[in-house]
Amino acid sequence: LKLTQKSRLSTMNKELDFIKDMFDRIAPKYDFLNRLLSMGQDIIWRTQMVKAANLAKNSRVLDVACGTCDVALEVNSQLKGHSQIFGLDFSFGMLRLGKQKLIKKQNSNIALLNADALNLPFNQQVFDAVFIAFGIRNIIDRQRAITSFFNVLNNGGRVAVLELTTPEKGILRSLYLLYFQKILPIIGSFFSKHNNAYTYLPESVLKFPNPVEFSKIMKKAGFENIRFKPMTFGIVTLFIGIKP
């Protein structure tokens, strides 16, 4: 049976509410679990992501699904404060922790907004770069989200997408799936006290399109010179695209 438009929207809204609630609840342990479950690699991945965007000084940057502001702070660090950064997230819990980080670091050039990727509160052509790290797989309508990133970028601007992916084959894939589907949910639920969050994580990653297919989504949105780079044996992939 085909869902009506109203039914599809209702289903999407329910899933959005679940994801938002999940991130609000795991926010206090989010940074700790990122470091623990990735064995510290998430810091390296974000650093490489920002470097790959090749930002010029005084760039205006948007960090979508900014979480606790790790990417925004990395941008600020690499540009030595010569930037204007907007961090956007639909989770108040994540933004609250991000704000605490900014206050602690006495950072004044990162502004935080509560909004979602499908309804960006900006005019067209205002940013030099858009980043999204570990957030695109949580967005149901990825095509619409990537197109919205394209619209808010200046001509020549870059989008950088960092996402968890699945190694394609071999014993590494088997070991990865064992860790990801069996061990990670146990560790995650123990520390976060949220039983569903770290069961949802592997499910969402396994459903995420392979790099070639995701690149097609970027191309359809209008991006050119699209390239992707698997990192750490393919468990993470970095995508870069340029708005012509």
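The values are calculated or read from the model by the stated rules, or taken from the named source; none is laboratory data. The shown structure was predicted, so the numbers you read here are calculated from the model rather than taken from an experiment. Glycine gets a Cβ as well: all are built from the backbone with ideal geometry, and neighbour counts include every protein chain shown. Just the protein is used for accessible areas: all its heavy atoms, side chains included, with ligands, DNA and RNA removed. Shrake-Rupley method; radii C 1.70, N 1.55, O 1.52, S 1.80 Å.
For the range 161-180, give me the residue count where each residue is among the polar types (S, T, N, Q) and in contact with a strand residue (DSSP E or B) (Cβ under 8 Å, 6 or more places away or on another chain). Write out each step before concluding.
Narrowing the range 161-180 to residues among the polar types (S, T, N, Q): 165-166, 174.
Imposing the further condition that a residue be in contact with a strand residue (DSSP E or B) (Cβ under 8 Å, 6 or more places away or on another chain) reduces the set to 165.
Result for the range 161-180: 1.
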Given the residues S83, S59, which is the only one that is in contact (Cβ under 8 Å) with a residue 60 or more places away in the chain, open to solvent by less than 60 Å² (accessible area, probe 1.4 Å) and more than 17 Å from the chain's Cα centre (by Cα)? S59
Hey, could you check the range 1-56 for residues that are at pLDDT below 85 and assigned to a loop (DSSP other than H, G, I, E, B) and say which is farthest from the chain's Cα centre (by Cα)? L1
Filter the range 117-131 down to residues that are touching a residue at least 60 places away in the same chain (Cβ under 8 Å) and open to solvent by 20 Å² or more (accessible area, probe 1.4 Å), then give me how many there are. 3
Regarding L73, is this residue surrounded by 20 or more Cβ atoms within 10 Å (Cβ to Cβ), within 29 Å of D17 (Cα to Cα) and hydrophobic (A, V, I, L, M, F, W, C)? yes
From I146, I136, I103, I140, which residue is surrounded by fewer than 20 Cβ atoms within 10 Å (Cβ to Cβ) and within 23 Å of F208 (Cβ to Cβ)? I140
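I need the full set of residues from the range 69-111 which are aromatic (F, W, Y) and in a helix (DSSP H, G or I), in order please.
Within the range 69-111, the first condition is being aromatic (F, W, Y), and the residues that meet it are 86, 90, 92.
Passing the criteria: only F92.
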